[in-house]
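The values are calculated or read from the model by the stated rules, or taken from the named source; none is laboratory data. Predicted model, so just to flag it, every value in this text is computed and none were measured. A quick note on method: Cβ atoms are made from the backbone with ideal geometry, for glycine too, and the neighbour counts reach across all protein chains shown.
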Amino acid sequence: MLKRIILILLITIGLSANAAENFLNSVVIDNNDGQMSIVLRADKIVKVRKEIESPDKITLYLKGIEQSPDINTLYKNTSNVNGIGIQSNGNNDIKIYMDAKGISKANVVLETPNASPITVVNRANEEKAVWSIVSILILLCIMRSAKKQIKPKSNIELIKEREMALYRNFQKEIASMPSINYKLKSYKKHVLKGETLRHYNNAMTKV
């Protein structure tokens, strides 16, 4: 039992040591024919996020990496760098603050000994672009449906609507008109039985 515990501890220590063996060795700002690049040289590939504060100020967030004790900062073909600050949070996270002219447009490239250079893509900008495209498509659909609703009616449709309106009015007038026997029925209610023509004829013959 004791041997198993020692073996587990050794494996855990070895894994944690291997996980921590990823260092940021250098940060290079390179200006090649007006195109600025930020090259991060590390032992292994890490997650990088770029946050733009202004056209001349950015912050890079690196996860799963530590700062090397002898880290270097190099400037190639550029002299407009005001400063670079590197801050380690102690949880395998690093923040890199950069202040340089036009640094927000720079490409971020990650270089490792065992892999080809990787250009870091800012996912936040990708999401904004996707949402912009979706918003434009939704707006186009709304405009198209609005055009269909505002489409002017043809003469045939107007004539049909007018005929239907006249027909409905005619039906209402018929429904409100009295029937043919209406006057007769109402008249009989007010005539006494003794006042019929037959009664007058009998009375005249008797005289």
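A few points about this structure:
- Taking each residue of the stretch 58-76 that is over 27 Å from Lys101 (Cβ atoms) and looking for partners that are loosely packed, with under 14 Cβ neighbours inside 10 Å and not hydrophobic (A, V, I, L, M, F, W, C) with beta-carbon atoms closer than 8 Å, six or more apart or interchain, yields Lys63/Lys47; Gly64/Lys47.
- So Asn72, is it closer than 18 Å to Asn31 by Cβ, exposed (fewer than 15 other Cβ atoms within 10 Å of the Cβ), in the same structural domain as Asp30 (by TED's automatic domain parsing) and in contact with an Asp or Glu (Cβ under 7 Å, 6 or more places away or on another chain): no
- In summary, Gln87 fulfils each of the numbered conditions (1) in contact (Cβ under 8 Å) with a residue 12 or more places away in the chain; (2) in a strand (DSSP E or B) with the single exception of condition (1).
- All told, Val39 meets the bar of being among the aliphatic types (A, V, I, L, M) and at pLDDT 90 or above.
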